[in-house]
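**Student:** Input: one structure, supplied below.
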Amino acid sequence: MISFEKVSYSYDDKILDNISFKIMAGEFVYLTGKSGSGKSTLMKLIAKQLLPDSGEVIIGNGLREKMELFFLEKPTQLISDKTIYENLAYYLEFQGRNLSVIHQLIQEISKEFGIQDILSHFPDDISGGEADRVYLAQGLLKKPKIILLDEPTSNLDPASSQNVLKTLEAYIKKEPTTIVLIAIHDFSLIKKIPHRELYLSDGKIRGTLHEV
């Protein structure tokens, strides 16, 4: 669970103003709003990169529960002298997984994100859109309970964007205790793949983007 209880946050001006909401396990939620409305700030509060000026941000049961969190924001870097396959394998090797299991997991995730043809390439040899799909695949290999994605489809063509969102839908069905929160500005994608929407405007959570 993610719970905001009367949370406010300011830079020079107040960005978030006394907002409250809950996202439960198994939910897929879009976070929308104009540039500068506070979407990235809200995600950084969830990721504990920022602390609220007032109010409370509760993750999990609010006690000692430790939840694996994957927060994809720009820029993200891959290890330049490792292939895409080696970048994906890095975390799994650190976990002590055997090579056959690692190979199977990478083959499965790379097929889901359409990156199987670039596994032997190095990061400098792939496009920005391909790199974004690698970052997502890398994050899901960690089996996070909370997935925060800040404009994950900004470098992707429409077909790839839809594929990414559908892959995330499939992931949350397989892992129903997971939460997916996506900051996104492309309303055409939201219409094609609808889910609950939190619209940020003037520091408040309001109706959906198309209702405001």
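A short reminder: the numbers here are calculations on the coordinates, not readings from a lab. Quick caveat: nothing in here was measured; it's all calculated off a predicted structure. A quick note on method: Cβ atoms are made from the backbone with ideal geometry, for glycine too, and the neighbour counts reach across all protein chains shown.
**Student:** In nm, to one decimal, how far is the Gln162 label point from the His103 one, both placed 7 Å along Cα→Cβ?
**Tutor:** 3.5
**Student:** In whole percent, what relative contact order does the chain give with Cα contacts below 8 Å and a gap of six or more residues?
**Tutor:** Working: 346 pairs, mean separation 67.8, N = 212.
It comes to 32 percent, rounded to a whole number.
**Student:** Subtract the Cα-Cα distance of Ser188 and Met24 from 0.36 nm times their separation in residues, and report this length gain in nm to one decimal. Can you show the working numbers first?
**Tutor:** Values: separation 164, 0.36 × 164 = 59.04 nm, distance 2.51 nm.
Result: 56.5 nm gained on full extension.
**Student:** Could you work out how much longer the chain between Gln77 and Gln49 gets when fully extended? Use 0.36 nm per residue separation minus the Cα distance between them, nm to one decimal.
**Tutor:** The span from Gln77 to Gln49 would gain 8.2 nm if fully extended.
**Student:** Please give, to one decimal in nm, the separation of the simple spin-label points placed at Asp124 and Thr177, each 7 Å out from Cα toward the Cβ.
**Tutor:** Here the modelled spin labels are 4.3 nm apart.
**Student:** Moving on. Using Cα springs under 10 Å in a Gaussian network model of the chain, which residue among Glu112, Glu151, Glu68 shows the largest mean-square fluctuation?
**Tutor:** Glu68
**Student:** Amide H neighbours of Leu198 under 5 Å, counting only residues 5+ apart in sequence or on other chains, H built in-plane at 1.01 Å?
**Tutor:** Under 5 Å from the amide H of Leu198 lie the amide H atoms of Tyr30, Leu31, Thr32, each far enough along the sequence or on another chain.
**Student:** Further, regarding this structure: Summing -39500 (n - 2.57) over the DSSP H runs of n ≥ 4 in the chain and dividing by its residue number, what mean residue ellipticity at 222 nm do you reach, to the nearest 500 deg cm²/dmol? Numbers along the way, then the final one.
**Tutor:** Numbers: 6 runs with 69 residues, N = 212.
Per the formula, -10000 deg cm²/dmol.
**Student:** Full extension from Lys142 to Phe94: what is 0.36 nm times the residue separation minus their Cα-Cα distance, to one decimal in nm? Could the numbers behind the result be given before it?
**Tutor:** Values: separation 48, 0.36 × 48 = 17.28 nm, distance 1.09 nm.
Taking 0.36 nm per residue and subtracting the Cα distance, the gain is 16.2 nm.
**Student:** Also: Sort 11-23, 157-169, 125-137 by the packing proxy (mean of other Cβ within 10 Å over each peptide's residues), most packed first.
**Tutor:** Values: 11-23: 14.0, 157-169: 16.8, 125-137: 19.5.
Highest mean packing first, the order is 125-137, 157-169, 11-23.
**Student:** List the aspartates and glutamates whose alpha-carbon lies under 19 Å from that of Lys191, not counting same-chain residues fewer than 8 positions away?
**Tutor:** Partners found: Glu27, Asp150, Glu151, Asp157, Glu169, Glu211.
**Student:** I need the peptides 44-50, 143-149, 93-99 ranked by packing, meaning the mean over residues of other C-beta atoms within 10 angstrom, with the highest value on top.
**Tutor:** Numbers: 44-50: 16.1, 143-149: 20.6, 93-99: 10.3.
Highest to lowest by the protection proxy: 143-149, 44-50, 93-99.
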